[in-house]
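Just so it is clear, none of the values below were taken in a lab; they were calculated from the coordinates. Since we're looking at a predicted model, the values are computed, not measured. Because the Cβ atoms are built from the backbone with ideal geometry, glycine has one as well, and the counts that use them run over all protein chains shown.
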């Protein structure tokens, strides 16, 4: 027995001259909830289909429960899939849909009936067994699909954007449900999604994919707080990137000089050497916006408010710095209620943050970008500089 | 990118089943009586002129009396009794049904694998093969029938080949003018009626359902049995109905290629109109034929009712 339910070793999949999955290596621990997150076309669905056995890697090897699966066909893998559009059998009742896997294994009917009942109870759908899939709502169909997959007690449960077709409200509830079911059954989940929020809230770990490569595999907070590449920084949440040149470095502390001459201090883990062009990444909510320059601050830049979006709990400001780059700042509306809640456009402000809040993204850590223009979903989210 | 796009086909139809009655009521609500009547008028007229009125005329005619001086209006069951008293007619009916069943069964066995290959096996040759299936439709029925004479005849292609290869001493006569040639020709003529509906139902089949079955542990054979076959049943039933009806009513092909065994129910029926001019008895035979076909449709609709269960599948 292996500690890992699932392992990719140098897995590459090409379709023609497109590298859908490019040299992916990672392990998934037993009982873990791993999300494959990325824009459409990043290779996450192809990865899932390779685990299920619908596609075979061009090179490299996938291990399930410690054993290489090679050319094992889908019907001999102890892996089950919850498909994007459920793929329930329209001519079978809910009961027959859920029982399908066990019938294929020729289990005794009494045992099948008992486990179907248990599964329908687990997904909180008792009493719909005699209905047909088209008589159920989208959320209910989703639960049936889940029961149909889980009843086989798979080593790994694959979920291919299972909530994509549901409306927001049902989606939120199903996210909670999925987490509960994951806790109850303890099966390893591999969850494909393009929704960063979904990945952040549900996963134990997230693998962020782009152009077939895994850019970063880390816990949700690790991905958010310490993005490894510009792509990750831009794809998950909002990030301000300020371009500059490394001026000096002491251990982890780095001083970066911006084009305007302003100096920023930040921390880095990788080899940003003096003279290298880098980006300082800073999340909008980590910036303090003040009207007067504080006496002591690691970093402080002067600018003026050019726009703001009032969001209730917080306000998102657009601040233009002296040397023209714009920075987004999110300010929690924690002030007293009788005060003006927002800072008006045109106000001169200072943006300050501690050295630990900023992160250095150097070109060295960057994955080579192929045809980035076809990647509109990512482009939309990439922070402006 | 094409890789993921393949997985993003539209969702399965999930709409509730609607009855024809509900559809009509919804239409009335939207359009109002006048427009609905206006739109339905041509169809209703056609049905009246070509279906309802002729059948009423047949029923009326079936009670008339045929005399030397022509058809005389009457109300007598004699024509029906004539059918029952003379064993030749029920036997002929059974023969026609047997022929139709044979043709339908063999067509089905030939068509299903072929349609399966068309829908799920090949991409490159799909259009070409479909056109080849359809080509006979554009050829006259008679030519399609007659074309078998130079193939199966004593000096025909098959015998010539067998003789040249010295597989037989003298020409084989068993190829033509018997049940065999009739069945073969009818299959040739009506095969498209079987292939096309099965092809359409298989083509419509959502490939993700097959993946789901495989994912749940079904071998390819069991996937076929549990998913592909049941979901293609509407096409199969459609094909069976169409080929059966066509083969059941066939009388030109049996007459031309059937030899001494070439008399079918349809021949006798046609004879009542064009030969013996016994129209009232012809009407009885025609009504019996219609009854058999209606019976088949009732049985078929039991299977087709599955269609409603499948949801709003076209």
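Under 18 Å from the 7 Å Cα→Cβ point of residue A:103, by amide nitrogen: which residues of region B:230-261?
Under cut-off, by backbone N: B:230-234.
Taking each residue in A:69-78, count the Cβ atoms of any other chain within 10 Å of its Cβ, then average. What number comes out?
Details: counts 0, 0, 0, 0, 3, 8, 10, 3, 3, 1.
Whole-number average of other-chain Cβ neighbours for A:69-78 is 3.
Kirkwood Rh over alpha-carbon pairs of region B:186-236, then Stokes-Einstein at 10 °C and 1.306 mPa s: what D in µm² s⁻¹, rounded to an integer?
Value of D from the Cα-based Kirkwood radius: 135 µm²/s.
Pulled fully out, how much extra length does the chain show between residue B:60 and residue B:135, if you take 0.36 nm times their separation in residues and subtract their Cα-Cα distance? Let's see the in-between values first.
Numbers: separation 75, 0.36 × 75 = 27.00 nm, distance 4.10 nm.
Going from the current span to full extension adds 22.9 nm.
Please compute P(r) over all alpha-carbon pairs of region A:63-211, binned at 5 Å starting from zero, and give each bin as a whole-number percent.
2, 9, 19, 22, 21, 15, 9, 4, 1, 0
So what is the relative contact order for chain A, in percent, with contacts set as C-alpha pairs under 8 Å and at least six apart?
16 percent
Once R0 is set to 30 Å, what does the formula 1/(1 + (r/R0)^6) return for the Cβ-Cβ distance between residue B:276 and residue B:98, expressed as a FRET efficiency to the nearest 0.05? Before the final figure, lay out the partial values.
Numbers: r = 25 Å, r/R0 = 0.84.
Working from the Cβ atoms, E equals 0.75.
Extending each Cα 7 Å along its Cβ direction at residue A:185 and residue A:23, get the distance between those two points in nm, one decimal.
3.6 nm
If you take the square roots of the eigenvalues of the alpha-carbon gyration tensor of region A:1-72 and sort them as a ≥ b ≥ c, do you get rounded (a/c under 1.5), prolate (a/b over b/c) or oblate?
Here region A:1-72 falls in the oblate category.
To the nearest 10 degrees, how steeply does helix A:138-150 sit against the main Cα axis of chain A, on a 0 to 90 scale?
Tilt relative to chain A: about 70 degrees.
Could you compute Rg(Cα) / (2.2 N^0.38 Å) for region B:18-61, with N its residue count?
Here the answer is 1.54, to two decimals.
How high is the FRET efficiency from residue B:85 to residue B:161, r the C-beta distance, R0 51 Å, rounded to 0.05? Each step should come with its number before you reach the end.
Working: r = 49 Å, r/R0 = 0.97.
Once rounded, the FRET efficiency stands at 0.55.
Going by the alpha-carbon gyration tensor, a ≥ b ≥ c the square roots of its eigenvalues, is region A:237-278 rounded (a/c under 1.5) or, if a/c is not under 1.5, prolate (a/b greater than b/c) versus oblate?
Oblate.
Using 0.36 nm times the number of residues separating residue A:300 and residue A:219, minus their current alpha carbon distance, what extension gain do you get?
Extra length available between residue A:300 and residue A:219 comes to 26.1 nm.
So, R0 is 60 Å and r is the distance between the beta-carbons of residue B:178 and residue A:56; what FRET efficiency does that work out to, to 0.05?
0.65
Anyone know which of B:202, B:142, B:40 comes out most mobile in the 10 Å Cα GNM of chain B?
Fluctuation is largest for B:40.
How big, on average over all directions, is the shadow cast by the Cα convex hull of region A:142-245, in nm²?
Over all viewing directions, region A:142-245 projects a mean Cα-hull area of 7.9 nm².
When the Cα centres of region A:89-118 and region B:77-154 are compared, how far apart do they sit, in Å?
If you average the Cα positions of each part, the centres end up 41 Å apart.
Taking Cα atoms, how many degrees apart are the long axis of helix A:94-104 and the longest axis of chain A, rounded to 10 and kept between 0 and 90?
That works out to roughly 70 degrees.
Would you mind checking the radius of gyration and Dmax of the protein assembly as shown based on alpha-carbon positions, in Å?
36.9, 127
Treat each spin label as a single point 7 Å out from the Cα along the C-beta direction, and report the residue A:204 to residue A:245 distance in nm.
It is 4.7 nm.
What does the helix-only formula give at 222 nm for the protein assembly as shown: each DSSP H stretch with n ≥ 4 adding -39500 (n - 2.57), the total divided by the residues, and the result rounded to the nearest 500 deg cm²/dmol? Please list the in-between numbers first.
Working: 26 runs with 301 residues, N = 699.
Result for the protein assembly as shown, helices only: -13000 deg cm²/dmol.
If you take the square roots of the eigenvalues of the alpha-carbon gyration tensor of chain B and sort them as a ≥ b ≥ c, do you get rounded (a/c under 1.5), prolate (a/b over b/c) or oblate?
Cα axes put chain B in the oblate bin.
How much length, in nm to one decimal, is gained on full extension between residue B:53 and residue B:225, taken as 0.36 nm per residue of separation minus their Cα-Cα distance?
57.4 nm
Using a Gaussian network model of chain B whose springs link C-alpha atoms within less than 10 Å, name the residue from B:20, B:247, B:218 with the highest mean-square fluctuation.
Top of the fluctuation ranking is B:20.
Between region A:28-54 and region A:227-242, what is the C-alpha centre distance in whole Å?
22 Å
Based on the alpha-carbon gyration tensor of region A:201-241, what equivalent-ellipsoid semi-axes (square roots of 5 times the eigenvalues) come out, in whole Å, largest first?
Values: eigenvalues 43, 36, 12 Å².
Ellipsoid semi-axes (Å, largest first): 15, 13, 8.
How well do other chains shield peptide A:104-110, expressed as the mean number of their Cβ atoms within 10 Å of each residue Cβ?
2
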